[in-house]
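The values are calculated or read from the model by the stated rules, or taken from the named source; none is laboratory data. Just so it is clear, the structure is predicted and the values come from calculations on it, not from any experiment. Neighbour counts are summed over all protein chains in view; Cβ atoms, including those assigned to glycine, are modelled from backbone coordinates with ideal geometry. Please note that ligands, DNA and RNA were not included when accessible areas were found on the heavy atoms of the full protein model with its side chains. Shrake-Rupley method; radii C 1.70, N 1.55, O 1.52, S 1.80 Å.
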Amino acid sequence: MIALLALFFSCVFLAPSAESNAASVEDLVSGAKKEGSLEFYAPGTLSAAGAKQLEQVFNKKFGTNIRVNYSPSGSMTADVAKYISETASGTPPQWDVMVLIDALHGSIWKRKLHLPFNYRSLGVDANAIHYDNGTVSFANQVVLPAYNSKNMDLKDVPKRWEDLLDPKWRGKLGIVTGVGHIDYLAIRWGEKKFLDFGRALAKQNPIPGKLGELYTRLQIGEIALTTTLTNSFVIRAQKEGAPIEHAQVQPVVAPAYHIGVLKGSRHPNAAHLFASLLLTPEAQSIWERYNGQTSAFVPGTKMHTYVQGKDVIYLGQKDVDLVNKVVVDLNKILGFNP
């Protein structure tokens, strides 16, 4: 069984060597069997049904009988703050692994509260490993300006981010409260150019709102554009028959869901195995079914196909301080509470 698992990893992940994989998988599987369970925190959109399917794939792949206890997220920001606070007081973590958006794992990383692992020894693509081997990126969002195709001529659809500054959009532009990942543009543009863009954006008198609110206002024509909208809403629009589309500007902002094992995890072997599992085709299919995203680093997925030939912004650990700074600065420029 272990030999078959080693072969599986070498085929799926293009492992550096079958020998190193076999040893790592053998150790992890043996340890995971002794642990018997896993505490798994992930978005509520995954649902208990999706988590159960991941559990079934996990146990089938590794010949285990691990019980995956799924905890749906409430406020990810609040839950990360709770974990950090409890850890500081010596309380062990409630979960073994947390699935969070990339920037939130940055907060955990800066406090050295991940349990790192050499995921390359399992053949995980180096581009998917972040925060000093503390997390694995396994599902990317697409964040771009969005418009209502029934209300906008194609000639008016933005071709560049800077087109959002056209005076014709003044007072007609929705912006996500908290700025909705537009701050990732600073990674490509640099701080000065990005904040200059933010000052010009403020002169457009943008209309703030939460993502769901802006999605609705875009549908009914109260706003002409949103500065950003995640592709989960565009996918929802397609299912509902709503005429909401992304303006295909570049660079494409691609925040990612990361899975990270927490320092103090009671089931670390199962946790590291589970983290690597989420890049397999089976797990990618389940995640897409329930959450709509796949990984830019797994060939054959929709996201991998989409990013080919595009300029794409991914958040790396070297960018965390910059993004944290400009998001505060931009909120001040726009008059939002940071």
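So here's what we get for this one:
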quantity	calculated
Count - residues of the stretch 94-132 that are on the phi > 0 side of the Ramachandran plot and open to solvent by less than 10 Å² (accessible area, probe 1.4 Å)	2
Criterion: farther than 30 Å from Ala202 by Cβ and surrounded by fewer than 18 Cβ atoms within 10 Å (Cβ to Cβ) - qualifying residue of Gly292, Gly300	Gly300
Qualifying residue in the stretch 35-43 (condition: modelled with pLDDT of 95 or more, outside any strand (DSSP E or B) and within 22 Å of Ile286 (Cα to Cα))	yes
Elements of type strands (runs of 3 or more DSSP E) in the stretch 148-254, at least 2 residues being open to solvent by less than 10 Å² (accessible area, probe 1.4 Å)	173-176, 225-230
Single match in Leu122, Leu113 (criterion: more than 20 Å from the chain's Cα centre (by Cα) and over 22 Å from Gly209 (Cβ atoms))	Leu122
Any hit, the stretch 20-31, residues being at pLDDT below 95, surrounded by fewer than 18 Cβ atoms within 10 Å (Cβ to Cβ), over 24 Å from Glu288 (Cβ atoms) and of a type in the set (Val, Ile, Thr)	no
Qualifying residue in the stretch 96-105 (condition: farther than 24 Å from Val323 by Cα and not in a helix (DSSP H, G or I))	yes
Residue check for Ala139: of a type in the set (A, V, I, L, M, F, W, C) and either open to solvent by 50 Å² or more (accessible area, probe 1.4 Å) or in a loop (DSSP other than H, G, I, E, B) (or both)	no
When residues of the stretch 308-338 are limited to those that are open to solvent by less than 30 Å² (accessible area, probe 1.4 Å) and among the β-branched types (Val, Ile, Thr), the one farthest from Asp183 (Cα to Cα)	Val312
Residues of the stretch 40-75 classified as more than 18 Å from Tyr290 (Cβ to Cβ) and open to solvent by 50 Å² or more (accessible area, probe 1.4 Å), total	4
Criterion violated by Arg217 - all others in (1) closer than 22 Å to Thr177 by Cβ; (2) charged (D, E, K, R); (3) at pLDDT below 95 satisfied	(3)
Hits in the stretch 261-282 (condition: within 16 Å of Leu28 (Cβ to Cβ) and in a strand (DSSP E or B))	Val261
Answer from Ala247, Ala237, Ala242 - the residue that is in contact with a Lys or Arg (Cβ under 9 Å, 6 or more places away or on another chain) and without any contact (Cβ under 8 Å) to a residue 24 or more places away in the chain	Ala242
Condition check for Ala78: open to solvent by 10 Å² or more (accessible area, probe 1.4 Å), part of a helix (DSSP H, G or I) and in contact (Cβ under 8 Å) with a residue 12 or more places away in the chain	no
Selection from the stretch 283-314 of residues that are part of a loop (DSSP other than H, G, I, E, B), over 23 Å from Thr45 (Cα atoms) and touching a residue at least 60 places away in the same chain (Cβ under 8 Å)	Lys310, Asp311
Those residues of the stretch 192-207 which are over 23 Å from the mean Cα position of the chain (by Cα) and touching a residue at least 40 places away in the same chain (Cβ under 8 Å), in sequence order	Leu195, Gly198, Arg199, Leu201, Ala202, Gln204, Pro206
Every pair of residues 6+ apart whose Cβ atoms lie under 9 Å, when the first sits in the stretch 208-228 and is closer than 14 Å to Leu173 by Cβ while the second is small (Gly, Ala, Ser) and open to solvent by 50 Å² or more (accessible area, probe 1.4 Å)	Pro208/Gly335
